[in-house]
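Structure record follows, encoded as structure tokens.
The values are calculated or read from the model by the stated rules, or taken from the named source; none is laboratory data. Just so it is clear, the model here is predicted, and its values are computed rather than measured. Here the Cβ is made from the backbone with ideal geometry for all residues, glycine too, and neighbour counts use every protein chain on show.
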């Protein structure tokens, strides 16, 4: 992206009251982490759902954020969620239920007592 275009984009954000935060050149991973999260949002949600308006987008993103942080397994965390550790394994027969979120795009699985 050219510097002139980037400046114009920044001005559009500023007119809407959005604070522009630049990534530090000394911290290249900062941008990579956000790019990965945005990519996950696009692949898992935005490419599969029709967003009607800004309020609907905020609702969808809030639901995805909760799913991402509380329920979605992460390989780097040994399939745990960032805000919830995995329970200890048990050797009993378990019944698992699935609750659909966002019209079936996301699924929340839980054990039945």
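Of all residues in the stretch 36-49, those satisfying the criterion of being touching a residue at least 40 places away in the same chain (Cβ under 8 Å) and not in a loop (DSSP other than H, G, I, E, B) are 44, 45. Reported count of residues in the stretch 32-75, each being surrounded by 14 or more Cβ atoms within 10 Å (Cβ to Cβ) and touching a strand residue (DSSP E or B) at 6+ places or on another chain (Cβ under 9 Å), is 9.
Hey, can you tell me all the residues within the stretch 57-102 that are in a helix (DSSP H, G or I) and modelled with pLDDT of 80 or more?
57, 58, 59, 60, 61, 62, 63, 64, 65, 66, 67, 102
Determine if the stretch 20-29 includes at least one residue that is in a helix (DSSP H, G or I), free of Cβ contacts under 8 Å to residues at least 24 places away in the same chain and surrounded by 11 or more Cβ atoms within 10 Å (Cβ to Cβ). No: the stretch 20-29 contains no residue that is in a helix (DSSP H, G or I), free of Cβ contacts under 8 Å to residues at least 24 places away in the same chain and surrounded by 11 or more Cβ atoms within 10 Å (Cβ to Cβ).
Within the option set 33, 52, being in a loop (DSSP other than H, G, I, E, B) and modelled with pLDDT of 70 or more holds for one residue only, 52.
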